[in-house]
Amino acid sequence: MRIVRKASGICALAFVLAAGVGVVARADAPPSASAAELKDAAGKAPTTATLAAGDPGGALTGTVNDVPVSDSKAGLTLSDVANQVGQNKIGINFAWTLITGFLVMFMQAGFAMVEAGLCRVKNANHTYMMNFFVYGCGLFAYWVLGFAIQMGGAAGNGNLGGLQPLNGEHTLSLFGKTWGLFGQSGMFLSGHAYDVGVMVIFLFQMVFMDTALTIVTGACAERWKFLTFSVSSVLMGALTYPLFANWAWGGGWLAQLGTNLGLGKGYCDFAGSGVVHAVGGLTGLAVAMIVGPRIGKFNRDGSANAIIGHDISAVLIGCFILAFGWFGFNPGSTLGASAAGCLRIGSVAVNTMLAGCTGTFGALLYMWALKGKPDASMSGNGLLAGLVAITAPSGFVNPTGSAIIGLVAGVLVCLSVSFVENSLKVDDPVGAISVHGTCGLWGVLSVGLFADGTSNYGGSWNGVTGSVTGLFYGDASQLVAQLVGISTLVGFVFGFSYALNWVLDIFLGHRVSAETEIAGLDLPEMGQLGYPEFVFAPEPEVLTAAAATAVA
């Protein structure tokens, strides 16, 4: 027994000594190769004196000495370098997303010019003011409530730092699956939502929301009360738009069709043919049906009269402003320019250009064949139709697919304008319902047809591994997911918008009086003419006769 105890003691002593030697060895170990290389690089970096002499070629600026050191005693470490790399990635993505958001905001000017140019001069100030004030109405509503509903459960975007404060999605359990309904965090951008990444996504998503709102002003121009327009816009920015946007982009149930039901990668809408444009166009249809047509638009037999806008130059300039802003809309929807497939931004931009080009060709050639001459306003709408249609598939399709999508949209917008006016008997002064509603739905559908499976945004989309692939490239289930989205747009968005604005019509009334409409909305509604020095030309006899009948 005594021998055993001695042996045990010797073993224990040997263990302690061995451990001690190991500790000393680790303490005395030479620095790792990476640490030595960092120290060497720091020693070779240009000195202050060297930099003071100037760096005209830029070869000396931006070196290892510009990497912040967390511990001055330890010097530059691999951890410092890795943290700087991470900050650079997020910083690049922040800058890209913000700049493209600024471009989208500028589209508001394009919408104002297109809509005002297609309206009569007596309503120019009113139309411009709706496009101006809708920005404030939408922004306020979105800040208070809309952003929280849309993005309150959208945490997890690695391009923008994770957006972890946005982790409050209200869900429903159904058939053993969890379905997202609406977000719950981010109201007033307060509390945990006071976060650098959240601010970036708020700005970017806000200008998208406001684009949807301004589409409605075009469909209802020349007879919409300014007060009711303002209230309607606040409600759309707080409720209608955010709800559908949550289902598609905020982790809601449409995005979960892939993970829960195996339908492709879920509902896919890269930049908003459905979320932005179809929502705006279908809401415009609902409100235009409630407001009714302009005086003189339709004859007793149901035939339509053309009511010509006052400034085609403003229309075409506005279309070019919108096309320029679309480079923020579509490429910006990568939400970054670094990592996770974001280098595809060039492809997205080229797809956008091509669809706008072929959309113009489609509308111009169709109208030329139909009327014998190219139609300027419809050519502009063809450009916008192609851009609207490519918005959803822009991140998933190839250039050939983009050209086809745009060409179809250019013809489709002409057919839709005629259908809305002559079959539905809905008066849309600028063609907004057809450009954004009809062609937005076509864009959503085209994802399920033309997505070629080559995009790779971090290896998955909507939580489903792989790339978005449409019917023509082997995945019919993606088309089914897109059809579910279209059904939701037509069913919920149109129905909810109609009900909401029908209630507003009861309490506030949507339409101005016949006297106000005949005189023009500028003076009665706004107190100032858009062009006070213009001498107004008399309107066509058919319109003056209809006006006299309306007043009588």
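The values are calculated or read from the model by the stated rules, or taken from the named source; none is laboratory data. Remember, it's a predicted structure, so these values are computed and weren't measured experimentally. Virtual Cβ from ideal backbone geometry, glycine too; neighbours counted across all protein chains shown. Just the protein is used for accessible areas: all its heavy atoms, side chains included, with ligands, DNA and RNA removed. Shrake-Rupley method; radii C 1.70, N 1.55, O 1.52, S 1.80 Å.
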Sole miss for residue 203 among (1) of a type outside the set (D, E, K, R); (2) within 26 Å of residue 463 (Cα to Cα); (3) crowded, with 24+ Cβ neighbours inside 10 Å is condition (3)
The one condition residue 340 fails out of (1) open to solvent by 50 Å² or more (accessible area, probe 1.4 Å); (2) on the phi > 0 side of the Ramachandran plot is (1)
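Given the options 390, 433, 404, name the one that is open to solvent by 50 Å² or more (accessible area, probe 1.4 Å) and of a type in the set (A, V, I, L, M).
Matching residue, one of 390, 433, 404: 404.
Residue by residue, here is whether (1) under 20 Å from residue 247 (Cα atoms); (2) touching a Lys or Arg at 6+ places or on another chain (Cβ under 9 Å); (3) of a type in the set (Val, Ile, Thr); (4) in a helix (DSSP H, G or I) holds:
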residue: 92; (1), (2), (3), (4): no, no, yes, yes
residue: 97; (1), (2), (3), (4): no, no, yes, yes
residue: 111; (1), (2), (3), (4): no, no, no, yes
residue: 148; (1), (2), (3), (4): yes, no, no, yes
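How many of the residues in the range 206-230 are of a type in the set (Asp, Glu) and either open to solvent by 10 Å² or more (accessible area, probe 1.4 Å) or out of contact with any His (no Cβ under 9 Å at 6 or more places or on another chain) (or both)? First the steps, then the outcome.
First pass over the range 206-230, keeping only residues of a type in the set (Asp, Glu): 210, 222.
Subsequent filtering for residues that are either open to solvent by 10 Å² or more (accessible area, probe 1.4 Å) or out of contact with any His (no Cβ under 9 Å at 6 or more places or on another chain) (or both) retains 210.
So the answer is 1.
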So for the range 376-387 (the condition being surrounded by fewer than 20 Cβ atoms within 10 Å (Cβ to Cβ), more than 19 Å from residue 276 (Cα to Cα) and modelled with pLDDT of 95 or more), does at least one residue qualify?
yes
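Does residue 350 meet the test of being touching a strand residue (DSSP E or B) at 6+ places or on another chain (Cβ under 6 Å) and either closer than 30 Å to residue 159 by Cβ or crowded, with 17+ Cβ neighbours inside 10 Å (or both)? Walk me through it before giving the result.
Values: touching a strand residue (DSSP E or B) at 6+ places or on another chain (Cβ under 6 Å): no; either closer than 30 Å to residue 159 by Cβ or crowded, with 17+ Cβ neighbours inside 10 Å (or both): yes.
For residue 350, the condition - touching a strand residue (DSSP E or B) at 6+ places or on another chain (Cβ under 6 Å) and either closer than 30 Å to residue 159 by Cβ or crowded, with 17+ Cβ neighbours inside 10 Å (or both) - is not met.
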Assess whether residue 51 counts as being over 30 Å from residue 334 (Cβ atoms), modelled with pLDDT of 90 or more, part of a helix (DSSP H, G or I) and open to solvent by 40 Å² or more (accessible area, probe 1.4 Å).
yes
Given the options 295, 317, 321, name the one that is of a type in the set (Val, Ile, Thr) and outside any helix (DSSP H, G or I).
295
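Could you check the range 507-532 and list, in sequence order, the residues that are of a type in the set (A, V, I, L, M) and within 19 Å of residue 232 (Cβ to Cβ)?
Kept after step one, since they are of a type in the set (A, V, I, L, M), are these residues of the range 507-532: 508, 512, 514, 518-519, 521, 523, 526, 529.
Listed by number, the residues that qualify are 508, 512, 521, 526.
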Within the range 132-145, is even one residue of a type in the set (Ser, Thr, Tyr) and within 28 Å of residue 224 (Cβ to Cβ)?
yes
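Restricting attention to the range 515-522, does a residue exist that is surrounded by 14 or more Cβ atoms within 10 Å (Cβ to Cβ), outside any helix (DSSP H, G or I) and touching a Gly at 6+ places or on another chain (Cβ under 6 Å)?
Step one: filter the range 515-522 for residues surrounded by 14 or more Cβ atoms within 10 Å (Cβ to Cβ), giving 516-522.
In the following step, the residues that additionally are outside any helix (DSSP H, G or I) were identified as 520-521.
Filter once more, keeping what is touching a Gly at 6+ places or on another chain (Cβ under 6 Å): none.
No, there is no match, as no residue in the range 515-522 is surrounded by 14 or more Cβ atoms within 10 Å (Cβ to Cβ), outside any helix (DSSP H, G or I) and touching a Gly at 6+ places or on another chain (Cβ under 6 Å).
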Picking from 46, 30, the residue that is more than 19 Å from residue 87 (Cα to Cα), part of a loop (DSSP other than H, G, I, E, B) and modelled with pLDDT under 90 would be 30
Do we find that residue 411 is hydrophobic (A, V, I, L, M, F, W, C), in a helix (DSSP H, G or I), over 22 Å from the mean Cα position of the chain (by Cα) and modelled with pLDDT of 95 or more in this structure?
yes
Expected output for the range 70-85 (first residue assigned to a loop (DSSP other than H, G, I, E, B), partner β-branched (Val, Ile, Thr), Cβ below 7 Å, 6+ apart or cross-chain) is 75/69; 76/64; 76/67; 76/69
Sole miss for residue 175 among (1) open to solvent by less than 60 Å² (accessible area, probe 1.4 Å); (2) farther than 30 Å from residue 312 by Cα is condition (1)
Among the residues of the range 138-153, is any over 19 Å from residue 313 (Cα atoms), crowded, with 21+ Cβ neighbours inside 10 Å, touching a helix residue (DSSP H, G or I) at 6+ places or on another chain (Cβ under 9 Å) and of a type in the set (Phe, Trp, Tyr)?
yes
Quick test for you: out of 95, 109, 116, 82, pick the one residue that is more than 30 Å from residue 330 (Cβ to Cβ) and either surrounded by fewer than 15 Cβ atoms within 10 Å (Cβ to Cβ) or out of contact with any Gly (no Cβ under 6 Å at 6 or more places or on another chain) (or both).
82
Is at least one residue of the range 538-550 open to solvent by 30 Å² or more (accessible area, probe 1.4 Å) and either modelled with pLDDT of 95 or more or within 35 Å of the chain's Cα centre (by Cα) (or both)?
no
If you go through the range 417-425 one residue at a time, do you hit one that is open to solvent by less than 10 Å² (accessible area, probe 1.4 Å) and either part of a loop (DSSP other than H, G, I, E, B) or touching a Cys at 6+ places or on another chain (Cβ under 8 Å) (or both)?
no
